[in-house]
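Structure first, then comments.
The values are calculated or read from the model by the stated rules, or taken from the named source; none is laboratory data. This structure is a prediction, so every number in the text was calculated from the model and none was measured. A quick note on method: Cβ atoms are made from the backbone with ideal geometry, for glycine too, and the neighbour counts reach across all protein chains shown.
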Amino acid sequence: MATVSLDDYLVLPYTVEVRRNQDGFFARVEELPGCMTWADRIEDIWPLIEDAKQAWIADALDTGDPIPVPAEPDADAQRVPVLLPRLLHRRLIRHAHGAGVSVDELVVAELARAVGE
């Protein structure tokens, strides 16, 4: 039986919930109980939640605790093709890279924030 490594878990599409409050932003990984973090700015939340996820999974591997995996992708998820001006697309790529997330993750988080999700 092959051993599952930390890196194997880190590439899985865990669900991250981000909420804004009066103090900044709160994020948690839905599938990993207690895996959460806070930040003053949205740009700072993604590297922090990735660090929290890595620490949570590493600790579970060290102690032999079970590590939940994400559910299969939502069958109701929809693709929305969007044409972006080239400059805006470059800025999104830089911003996402700086935040340690994909452009898709950044856009979904920002859209969710804009509509109050």
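Surrounded by 13 or more Cβ atoms within 10 Å (Cβ to Cβ), under 15 Å from Arg113 (Cβ atoms) and of a type in the set (Asp, Glu) - does that describe any residue in the range 27-38?
no
Does at least one position in the range 17-24 carry a residue that is more than 19 Å from Ser102 (Cα to Cα), touching a Ser or Thr at 6+ places or on another chain (Cβ under 7 Å) and either touching a residue at least 60 places away in the same chain (Cβ under 8 Å) or not hydroxyl-bearing (Ser, Thr, Tyr) (or both)?
The answer is no; no qualifying residue exists.
Any chance the range 32-44 includes a residue that's hydroxyl-bearing (Ser, Thr, Tyr) and under 16 Å from Tyr9 (Cβ atoms)?
Taking every residue of the range 32-44 in turn, none turns out to be hydroxyl-bearing (Ser, Thr, Tyr) and under 16 Å from Tyr9 (Cβ atoms).
Given the options Leu32, Leu48, name the one that is under 20 Å from Glu72 (Cβ atoms), of a type outside the set (D, E, K, R) and either outside any loop (DSSP other than H, G, I, E, B) or touching a helix residue (DSSP H, G or I) at 6+ places or on another chain (Cβ under 9 Å) (or both).
Of Leu32, Leu48, the one residue that is under 20 Å from Glu72 (Cβ atoms), of a type outside the set (D, E, K, R) and either outside any loop (DSSP other than H, G, I, E, B) or touching a helix residue (DSSP H, G or I) at 6+ places or on another chain (Cβ under 9 Å) (or both) is Leu32.
With within 17 Å of the chain's Cα centre (by Cα), charged (D, E, K, R) and at pLDDT 90 or above as the only criterion, which of Glu72, Glu43, Glu50 stands out?
Glu50 is the lone residue from the list that is within 17 Å of the chain's Cα centre (by Cα), charged (D, E, K, R) and at pLDDT 90 or above.
Here is a check on your reading of the model: is Ile57 of a type in the set (Val, Ile, Thr), closer than 19 Å to Arg20 by Cα and modelled with pLDDT of 90 or more?
no
So which of Arg94, Arg79 ends up being surrounded by fewer than 17 Cβ atoms within 10 Å (Cβ to Cβ), over 30 Å from Thr3 (Cα atoms), modelled with pLDDT of 85 or more and out of contact with any helix residue (DSSP H, G or I) (no Cβ under 8 Å at 6 or more places or on another chain)?
Arg94
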